[in-house]
Amino acid sequence: MPKELPENLILLCGELLDEGAPCAIRGAEDAVAFFMKVTLPTGVDVLPVLIPKSKVDETVVKGAIISVTGRVLPEEVFAGEEYSLVLRVLVDEVYAGETEIVSGVFLTGSVLRKPYSYPIEGGERAELQIALEDEEGNAHPIPVSAQGNVVNSAKGLQLGDVVSILGQLHSYEYLDLDGASPSQKTAYEVEILHFTALPKI
């Protein structure tokens, strides 16, 4: 994979909405989990961020405006027999106040699940998964969506195709019909704004 292209990089600027809660991360420094209100290319959203304890100081508090760089952290969570894929932001660097950072995510990976598409209001939407490798060489699935002017190109992707994505990590609500009664839940995915198909390796 071309090393000059970011394999997993996210940039965010926004406001911390809570006091944070201690969080242990497998294979990494313990962190503090916050929710952060950010302005994305398509609107305002709230995203979960994990800031290493060593980066948390008097400027990292509820109501603070900060900018961060880091990576998308996919975690496979099992609750009983139920499996879910959770996406959060693992922060590398924290900058106090607003900066010139433009919120966005850059990913390079291979297509793990072929796109499937369906009509939505005003157009069409495609969903797929790409595989990202961690520092230990393990592959993790990332849910990805496309709509608007990139959906037709995204629909043509095949298993194993390598893509470099510029997009945004965002949340969406869905109705969970499993269990005794339906419940509203929040999930996260990467929406493609631009992408480039790369030669297979």
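Tabulated values for the structure
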quantity: Total residues in region 34-48, condition over 19 Å from Val61 (Cα atoms) and without any contact (Cβ under 8 Å) to a residue 24 or more places away in the chain; calculated: 2
quantity: Condition check for Val102: open to solvent by less than 70 Å² (accessible area, probe 1.4 Å) and either more than 16 Å from Glu191 (Cβ to Cβ) or of a type outside the set (Gly, Ala, Ser) (or both); calculated: no
quantity: Out of Ser110, Ser171, Ser103, Ser164, sole residue that is within 20 Å of Ile10 (Cβ to Cβ) and touching a Cys at 6+ places or on another chain (Cβ under 9 Å); calculated: Ser103
quantity: Scan of region 21-35 for residues that are within 19 Å of Pro74 (Cβ to Cβ) and either of a type in the set (S, T, N, Q) or open to solvent by less than 70 Å² (accessible area, probe 1.4 Å) (or both), ordered by number; calculated: Cys23, Ile25, Ala28, Ala31, Ala33, Phe34
quantity: Any hit, region 170-179, residues being hydroxyl-bearing (Ser, Thr, Tyr), in contact with a helix residue (DSSP H, G or I) (Cβ under 8 Å, 6 or more places away or on another chain) and either within 26 Å of Val44 (Cα to Cα) or at pLDDT below 90 (or both); calculated: no
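So that you can scan it fast, the table gives a plain yes or no per residue for (1) open to solvent by 60 Å² or more (accessible area, probe 1.4 Å); (2) at negative phi; (3) in contact with a Ser or Thr (Cβ under 9 Å, 6 or more places away or on another chain):
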{"position": "Glu15", "(1), (2), (3)": "no, yes, no"}
{"position": "Glu19", "(1), (2), (3)": "yes, yes, no"}
{"position": "Lys37", "(1), (2), (3)": "yes, yes, no"}
{"position": "Gly43", "(1), (2), (3)": "no, no, no"}
{"position": "Asp57", "(1), (2), (3)": "yes, yes, no"}
{"position": "Ile66", "(1), (2), (3)": "no, yes, yes"}
{"position": "Leu85", "(1), (2), (3)": "no, yes, no"}
{"position": "Ser110", "(1), (2), (3)": "no, yes, no"}
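The values are calculated or read from the model by the stated rules, or taken from the named source; none is laboratory data. Values in this document were obtained by computation on a predicted structure and should not be read as measured data. Positions of Cβ are backbone-derived with ideal geometry, glycine not excepted, and every protein chain shown enters the neighbour counts. Side chains are part of the model used for accessible areas, which takes the heavy atoms of the whole protein and leaves out ligands, DNA and RNA. Shrake-Rupley method; radii C 1.70, N 1.55, O 1.52, S 1.80 Å.
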